[in-house]
Amino acid sequence: MIASMSNGNPRGHGPHDGGEVSLAELDRNPYPTYRRLREQGVVWVEALDRWVVTRWDDVVAVETGRAFTAMEDGSLQTRVMGRTMLRTDGDAHKRLRRAAQDPLRPNAIDEHWQPLFRAVADELIDGFAERGRADLMGDFAGPFTARCLAVLLGFEGVDDDTMQFWSQALMDGTGNYADDPEVWARSERAAREIDAAVAAAVERVRARPDRSVISALVHAGGDGRPLDDEEIRANVKLFIGGGLNEPRDGIGLGAWALLANPDQYALLEREPERWPAATEEILRWGSPLAVFPRQVAEPVELGGSRLEPGARLALVVASANRDERHWERPDVFDVTRPKTRNMAFGVGHHFCLGVWMARLQIGRVALPRLRERLPGLRLDLDRPPEVRGWVFRGPVRLDVVWDA
């Protein structure tokens, strides 16, 4: 599959996939492809127009090394959202991160957000508990994460469907490597609508500060330089993208994995203290936010390839989380696996700011409440799950039944 190559476009020299990797293949199931790429090191993949980094140690080297930057030229995320904290480095990154962090600290999550999110989960489950069947993605995971995020951000009057459209449109744009004009049109529409909603929220919290993320962004000024409106809009879009898709797909992937392994699901019922470790295994095995873009800033050797400044990278944390060099039986889902660090939320100074929020939603609210409220919950064998995606991966549908 692989041949050595070097030309002006990749800005480096190393293995080449020969055009064999396709976006459709990645969308269906990327893991066999990642396994082949890990055998070769850092590989130039024509369909992505970038070097693909699949091994654990190489991803760590990029995220902790000085030869790489998050400020990618021609970033799809920047095109869709504007310059966010994920596309800045150094002091600029720290400034934006500090501005948003107070509502997302563990004590705020435990004291303020957990009871609100539990109420959202119960309200949604109340709406379908007597039916005895549901699509967990459409009936629960999507609306749950949408409603929680709207409250967290500080929106008023934005419904679940709108939040889900915004998030999906933004994420489709950031992953639009095929340059589909319809995808750009949807993401641009979502961006306009979000800007209008942010303007209304900003006006409200300027007069009445609250505990929301938008209020934190508006009133931040730790370095003596408050965020401007463009910075607020861009970083709210970032939250709408990752802050909905990742916990939504984490809930779906977790439910799928647990219901496909009923012995492990039963173990959590007997030993609920295992939920934190189970949450980490769900995120390692499933990696809903699977790929991060980066760019080479100075000449470097990485994974057997020689890369020059301007070379574009795709850091595949989903592959790193199943790297056989780092994990035993990496493709096996196992909630008894010793709890250890995984890369579902990144690594280094760009480590996800919403990590505690996502863990709360997945492993402390959504999945435990489904188990407690829906006795005999199991997969609907007549409707197999449909799991898609490679930049963002999760179930499209997840049909389940229970003893109503």
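Side notes on the structure shown:
- Among residues of the range 380-404, those that are among the small types (Gly, Ala, Ser) and either surrounded by 18 or more Cβ atoms within 10 Å (Cβ to Cβ) or under 21 Å from Asn245 (Cβ atoms) (or both), counted: 2
- Residue ranges of helices (runs of 4 or more DSSP H) in the range 178-286 with at least 3 members within 17 Å of the chain's Cα centre (by Cα): 229-260, 275-286
- Residue ID - farthest from Ala191 (Cα to Cα), chosen from residues in the range 151-173 that are of a type in the set (Phe, Trp, Tyr) and buried (at least 21 other Cβ atoms within 10 Å of the Cβ): Phe155
- Counting the residues of the range 250-296 that are aliphatic (A, V, I, L, M) and within 21 Å of His16 (Cα to Cα) gives 2.
Rundown of residues vs (1) more than 17 Å from Thr162 (Cα to Cα); (2) surrounded by 12 or more Cβ atoms within 10 Å (Cβ to Cβ); (3) hydrophobic (A, V, I, L, M, F, W, C); (4) touching a helix residue (DSSP H, G or I) at 6+ places or on another chain (Cβ under 9 Å), yes/no style:
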position	(1), (2), (3), (4)
Trp184	yes, yes, yes, yes
Ala191	no, yes, yes, yes
Ala196	no, no, yes, no
Ala199	no, yes, yes, yes
Val213	yes, yes, yes, yes
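- Residue check, Met71 under 20 Å from the mean Cα position of the chain (by Cα) and surrounded by fewer than 20 Cβ atoms within 10 Å (Cβ to Cβ): yes
- Filtered by the rule that a residue be within 25 Å of Gly242 (Cα to Cα) and polar (S, T, N, Q), the range 279-330 gives Thr279, Ser287, Gln295, Ser319, Asn321.
- Restricting Asp139, Asp228 to residues that are at pLDDT below 95 and out of contact with any helix residue (DSSP H, G or I) (no Cβ under 6 Å at 6 or more places or on another chain) narrows the list to Asp228.
- Look at the range 127-138: where a residue is touching a residue at least 40 places away in the same chain (Cβ under 8 Å) and within 15 Å of Gly376 (Cα to Cα) and a partner is surrounded by fewer than 20 Cβ atoms within 10 Å (Cβ to Cβ) and among the acidic types (Asp, Glu), sitting 6+ places away or on another chain with Cβ atoms under 7 Å, you get Arg133/Asp380.
The values are calculated or read from the model by the stated rules, or taken from the named source; none is laboratory data. It should be emphasised that the depicted structure is a prediction, and the values quoted were computed from it without experimental measurement. FYI the Cβ positions are ideal-geometry reconstructions off the backbone, even for glycines, and counts take in every protein chain you see.
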